[in-house]
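The values are calculated or read from the model by the stated rules, or taken from the named source; none is laboratory data. No experiment lies behind these values; they were computed from the predicted model shown. All Cβ positions, even for glycine, are placed from backbone atoms using ideal geometry, and neighbour counts span all protein chains on display. All accessible areas refer to the heavy atoms of the entire protein, side chains included, with ligands and DNA or RNA removed. Shrake-Rupley method; radii C 1.70, N 1.55, O 1.52, S 1.80 Å.
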Amino acid sequence: MGFATEFNSVCKFKSEQELYELLEYGRGKMVKSGFRVFPTGQKVIAYTPNNVAIAIVRILASIAEINFQGDEVTEVEMELVRKLTEEESKIQTALAFEMFFGERA
(Lines give C-alpha, C1' and ligand atoms only; values in the text may rest on other atoms or scores of the structure.)
Protein backbone atom coordinates (compact mmCIF):
# COMPACT_ATOMS: atom_id res chain seq x y z
CA MET A 1 0.00 0.00 0.00
CA GLY A 2 1.47 3.33 -1.03
CA PHE A 3 0.63 6.61 -2.69
CA ALA A 4 1.69 7.60 -6.20
CA THR A 5 1.98 11.32 -6.91
CA GLU A 6 0.39 12.57 -10.11
CA PHE A 7 2.21 15.22 -12.13
CA ASN A 8 0.64 18.48 -11.06
CA SER A 9 -0.58 19.71 -14.46
CA VAL A 10 -2.12 16.57 -15.98
CA CYS A 11 -5.54 15.03 -15.31
CA LYS A 12 -6.21 12.19 -17.77
CA PHE A 13 -9.69 10.72 -18.01
CA LYS A 14 -10.03 6.99 -18.69
CA SER A 15 -13.84 7.15 -18.94
CA GLU A 16 -15.76 9.08 -21.61
CA GLN A 17 -18.78 9.19 -19.24
CA GLU A 18 -16.81 10.93 -16.47
CA LEU A 19 -15.46 13.46 -18.98
CA TYR A 20 -18.94 14.06 -20.44
CA GLU A 21 -20.38 14.79 -16.98
CA LEU A 22 -17.63 17.32 -16.27
CA LEU A 23 -18.14 19.12 -19.58
CA GLU A 24 -21.94 18.97 -19.41
CA TYR A 25 -22.51 19.95 -15.77
CA GLY A 26 -19.34 21.90 -14.93
CA ARG A 27 -18.45 19.53 -12.07
CA GLY A 28 -17.46 15.93 -12.09
CA LYS A 29 -15.64 13.04 -10.50
CA MET A 30 -12.97 10.74 -11.83
CA VAL A 31 -12.04 7.40 -10.25
CA LYS A 32 -8.45 6.15 -10.58
CA SER A 33 -7.05 2.80 -9.51
CA GLY A 34 -4.57 2.78 -6.64
CA PHE A 35 -3.83 5.38 -4.01
CA ARG A 36 -2.81 8.65 -5.66
CA VAL A 37 -2.28 12.25 -4.60
CA PHE A 38 -3.78 15.00 -6.76
CA PRO A 39 -3.00 18.71 -6.17
CA THR A 40 -6.19 19.88 -4.43
CA GLY A 41 -6.97 23.52 -5.18
CA GLN A 42 -4.79 23.71 -8.28
CA LYS A 43 -5.78 24.14 -11.89
CA VAL A 44 -4.68 21.37 -14.25
CA ILE A 45 -5.13 20.43 -17.90
CA ALA A 46 -7.71 17.68 -18.48
CA TYR A 47 -7.10 15.13 -21.24
CA THR A 48 -9.53 12.83 -23.02
CA PRO A 49 -9.04 9.04 -22.98
CA ASN A 50 -7.35 9.56 -26.39
CA ASN A 51 -4.77 11.93 -24.83
CA VAL A 52 -6.21 15.14 -26.31
CA ALA A 53 -6.10 18.27 -24.14
CA ILE A 54 -9.67 19.48 -23.69
CA ALA A 55 -10.10 21.78 -20.68
CA ILE A 56 -8.70 23.49 -17.63
CA VAL A 57 -10.14 22.09 -14.40
CA ARG A 58 -9.68 22.84 -10.70
CA ILE A 59 -9.12 19.88 -8.39
CA LEU A 60 -11.59 20.18 -5.49
CA ALA A 61 -10.86 16.96 -3.59
CA SER A 62 -8.72 13.86 -3.80
CA ILE A 63 -10.06 10.97 -1.71
CA ALA A 64 -8.12 7.70 -1.47
CA GLU A 65 -9.96 4.68 -0.09
CA ILE A 66 -10.46 0.94 -0.26
CA ASN A 67 -13.80 0.23 -1.96
CA PHE A 68 -16.29 -2.54 -1.16
CA GLN A 69 -14.52 -4.88 -3.58
CA GLY A 70 -11.27 -4.41 -1.62
CA ASP A 71 -9.59 -2.35 -4.35
CA GLU A 72 -7.46 0.72 -3.61
CA VAL A 73 -8.99 3.66 -5.51
CA THR A 74 -8.75 7.44 -5.56
CA GLU A 75 -11.76 9.63 -6.35
CA VAL A 76 -10.90 13.04 -7.74
CA GLU A 77 -13.59 15.72 -7.64
CA MET A 78 -13.17 18.71 -9.95
CA GLU A 79 -14.87 21.71 -11.50
CA LEU A 80 -14.57 22.97 -15.04
CA VAL A 81 -12.72 26.29 -15.31
CA ARG A 82 -13.06 26.48 -19.10
CA LYS A 83 -12.73 24.45 -22.27
CA LEU A 84 -9.57 24.99 -24.30
CA THR A 85 -9.67 26.66 -27.70
CA GLU A 86 -8.71 24.53 -30.70
CA GLU A 87 -5.27 26.17 -30.86
CA GLU A 88 -4.63 25.74 -27.12
CA SER A 89 -5.69 22.11 -27.34
CA LYS A 90 -3.37 21.43 -30.26
CA ILE A 91 -0.35 22.94 -28.47
CA GLN A 92 -1.04 21.30 -25.09
CA THR A 93 -1.66 17.93 -26.74
CA ALA A 94 1.63 18.10 -28.67
CA LEU A 95 3.54 19.04 -25.51
CA ALA A 96 1.91 16.26 -23.49
CA PHE A 97 2.89 13.64 -26.07
CA GLU A 98 6.47 14.85 -25.95
CA MET A 99 6.63 15.02 -22.15
CA PHE A 100 4.24 12.37 -20.76
CA PHE A 101 2.43 10.11 -23.18
CA GLY A 102 5.31 9.20 -25.51
CA GLU A 103 5.57 9.53 -29.24
CA ARG A 104 2.50 9.37 -31.44
CA ALA A 105 2.06 6.17 -33.41
Would you say N8 is part of a loop (DSSP other than H, G, I, E, B) and either modelled with pLDDT of 90 or more or out of contact with any strand residue (DSSP E or B) (no Cβ under 9 Å at 6 or more places or on another chain) (or both)? no
Could you list, in sequence order, all residues of region 12-63 that are open to solvent by 60 Å² or more (accessible area, probe 1.4 Å), closer than 20 Å to F97 by Cα and under 10 Å from the mean Cα position of the chain (by Cα)? K14
Got at least one residue in region 83-98 being closer than 18 Å to L22 by Cα and β-branched (V, I, T)? yes
Return the pair list, or none, for Cβ contacts closer than 9 Å from residues in region 34-52 that are under 20 Å from I91 (Cβ atoms) and of a type in the set (V, I, T) to residues that are modelled with pLDDT under 90 and assigned to a strand (DSSP E or B), at least 6 apart or on different chains. V44/V10; V44/C11; I45/V10; I45/C11; T48/K12
Which numbered condition in (1) of a type outside the set (K, R); (2) under 16 Å from F13 (Cα atoms); (3) surrounded by 14 or more Cβ atoms within 10 Å (Cβ to Cβ) is the only one that E88 fails? (2)
